[in-house]
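Asks: Shown below is the structure under consideration.
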Amino acid sequence: MADAARQVVYIADDLPSSALAAAHEWFAHHHQDAHAKFVNDAADTLVILLPPAPYDHADWRRALARDAAREHTPRRVNVIAAPDRAVAQPLLDYLLNAPGVTGQYFETHD
């Protein structure tokens, strides 16, 4: 029997409301920490959990998901925007067992 899939969840819930400031904050203060946490863990997938944001954040978040997935291939990386982990949990459960899904940006809705 194969080992169960493992997932690392990195939460960055303290980003500024401005898209440019949030992207800067992510890459200046969170990117290396998320990378290190994933590299040092034997998990199959990394999910980056970010707070909900207006439409103008979508471009940098999609780029983050896409480029991080390329960097960590064959392991998987995805990004979720959700107000908290409880709201994101059904999507986290899905992604844990969806080996073909990587490099995606997901937004949760009420």
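The values are calculated or read from the model by the stated rules, or taken from the named source; none is laboratory data. Just so you know, these numbers come straight off a predicted model, no measurement behind them. Methodologically, a virtual Cβ is constructed for each residue, glycine included, from the backbone with ideal geometry; neighbour enumeration extends over all protein chains shown. Keep in mind that these areas ignore ligands, DNA and RNA; they rest on the heavy atoms of the full protein, side chains included. Shrake-Rupley method; radii C 1.70, N 1.55, O 1.52, S 1.80 Å.
Asks: Tell me the relative contact order for the stretch 10-85 as a rounded percent, counting alpha carbon contacts under 8 Å between residues six or more apart.
Replies: Over the stretch 10-85, the number comes to 36 percent.
Asks: Keeping all protein chains in place, calculate the accessible area per residue for the stretch 32-110 (probe 1.4 angstrom), answer in Å².
Replies: About 55 Å² of surface per residue is accessible.
Asks: Nearest 0.05, what FRET efficiency do ASP67 and HIS109 give at R0 = 25 Å with Cβ-Cβ as r?
Replies: 0.50
Asks: Quickly estimate the mean residue ellipticity at 222 nm for the chain, helices only: each DSSP H run with n ≥ 4 gives -39500 (n - 2.57), and the total goes over all residues, rounded to 500.
Replies: -11500 deg cm²/dmol
Asks: A further question on this structure: Using a/c under 1.5 as the rounded threshold, could you call the chain rounded, prolate or oblate? The axes a ≥ b ≥ c are square roots of the C-alpha gyration tensor eigenvalues, and prolate needs a/b larger than b/c, oblate otherwise.
Replies: Cα axes put the chain in the prolate bin.
Asks: Can you give the charge dipole size of the chain about its Cα centre, rounded to the nearest 20 debye, using +1 on the beta carbon of Lys and Arg and -1 on the beta carbon of Asp and Glu?
Replies: 340 debye
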